[in-house]
Amino acid sequence: MILVRVLNMSDSDTDYLSADEESVNIDEQLDIIPVEIASEVGEVIAHNEPVEFQRGLPDQHTYLGHEFNSIPGRVIFADDEIVELCIPDQSGMETVAPPLPGQTVPLGFFTWRARNTAAKIIQGNHTFGVLPREGSKYKVGTTVEILGWHEEPVDRSHINYLGIKAIGKARQRFEVLKTYSRREGDNVYQFAEVKILPEVSLSSVANSYISGHNLRLSKLSQLKSLSSVPSFIFDLYDPNILMEKIKLHVKTLDGTAILAVMPNSEILDICYWLILQLPFSEEFTMELLSMNCVVQRLRAILSVIGKFEQGVCCKECNSSLAVTSDSLALSLHGPHGTFVNPGGYIHDTLTYSNASGIDVITSPTMEFSWFPGYNWQIMICHSCGEHLGWKFTNKDLNPDNFFCFTKSSVSLRITKKEDSPENFWVM
Ligand SMILES: [Zn+2]
């Protein structure tokens with residue numbers, strides 16, 4: 001049985017845009033399929049032939065339960081706005097960087113302090129901040145908006161209280177100005193004062209450039225036709241041309257599983273999605289997140305993607321683990337996934353159909369399985385013993401097994417070339 005305590009949602013004293021801006025329920029915001037289909041997983045055992053795994057299931061995060069209280073409305077801060085954000089304890093964040101705008105984030109607030117912070121966030125504008133990892137030279141983070149939540153008794157303590165499980169979505173980037181703590185009643189909360197960062201479009205840059213001509217342009221092609229600058233120069237900054245070049249590189253790497261599920265949306269959203277699908281390093285991901293313009297991000301990706309070898313290796317000992325051609329999209333959004341474990345630790349993952357140089361060290365279990373119907377086992381590096389992720393198996397499903405690497409434990413194999421990517425990162 002799931003216990004749900006109703007939180008007073010009218011206690012907000014924070015200035016924000018909410019209700020009616022985008023009043024849709026959590027299922028619509030997550031683009032997921034109906035929950036009823038989850039029951040089909042239990043039926044596959046009765047079939048003789050393996051049944052195709054339903055790729056809509058992982059995005060539902062059914063291991064967190066089904067009875068979510070949806071939060072209507074959407075919080076959007078203005079560009080350059082200075083805001084105070086509550087900061088949950090980030091010791092459980094195993095992601096390589098703060099979540100990227102548009103990324104769905106499952107959340108588990110299980111310690112007494114964490115659940116109190118989550119309750120405060122839900123009662124407020126249901127938005128919190130994720131900061132860069134402690135000690136990072138980068139000062140950029142992202143806002144995460146809680147879309148739905150429910151409470152469950154915590155089953156690991158002598159004290160009885162309700163932990164909070166939630167689904168959130170990363171929304172906007174910000175620059176961290178300062179962090180501090182403040183006591184409110186019996187609790188001490190962490191906060192950050194942040195400045196919301198803009199997403200600069202090239203058309204606004206172009207408009208600024210030609211403002212002396214008293215013209216307003218909405219498309220790069222218009223500026224291109226008016227300018228005496230050679231067109232190939234404009235092509236270097238055309239987001240559509242840059243994206244096509246990146247897709248060609250991904251295709252060369254045989255990343256068909258990635259390209260097959262590329263979303264049909266704004267190029268800004270596609271760019272963030274693509275960053276998640278590829279095993280970029282934490283530093284490079286932070287570098288991309290720090291950029292204010294999608295063209296700058298695309299050019300940076302293009303500058304390194306040509307240096308990829310096929311696949312990923314152990315970050316600790318450099319042993320080869322998997323190749324790009326074995327990338328496997330187990331969800332509707334591609335090989336990448338974001339999941340939370342029973343301890344509240346969030347993992348960014350990539351799935352592959354094959355792997356080498358790994359050992360499984362635990363017995364199969366279906367408890368809290370991120371891929372409904374599959375058993376999982378902990379997977380470590382054969383060479384150095386570092387934890388790499390999880391192997392999932394079920395002989396009654398197709399695929400009958402796959403390998404789920406946590407992005408924080410693997411890195412890209414990059415060939416050495418003379419030109420440094422840093423040279424391309426600045427426009
Ligand atoms: Zn290793």
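We did not get these values from a lab; they are worked out from the coordinates using the rules stated. This is a predicted model, so every value here is computed, not measured.
Alpha-carbon geometry of region 261-391: the Rg and the Dmax are 16.0, 47 Å, given in that order.
Distances between placed amide hydrogens fall under 5 Å for L177 paired with E193, V194, K195, all partners being 5 or more residues away or on another chain.
If you take the alpha carbon atoms of region 250-329 and fit the smallest convex hull around them, that volume is 91 Å³ per residue.
For the pair E367 and K247, the difference between a 0.36 nm per residue extended length and the Cα-Cα distance amounts to 39.4 nm. Size descriptors for region 301-362, from the alpha-carbon set: Rg then Dmax equal 13.6, 40 Å. Segment N292..Q377, full-extension length gain: 26.6 nm, with 0.36 nm per residue of separation and the alpha-carbon distance subtracted. Comparing region 324-414 with the 2.2 N^0.38 Å rule of thumb, its C-alpha radius of gyration ratio is 1.02 (two decimals). Full extension of the segment from S303 to D359, taken as 0.36 nm per residue of separation minus the current Cα-Cα distance, would add 16.7 nm. For the cross-link pairs K169/K195; K247/K407; K178/K245; K315/K391; K137/K315, the ones whose C-alpha atoms lie over 30 Å apart are K178/K245.
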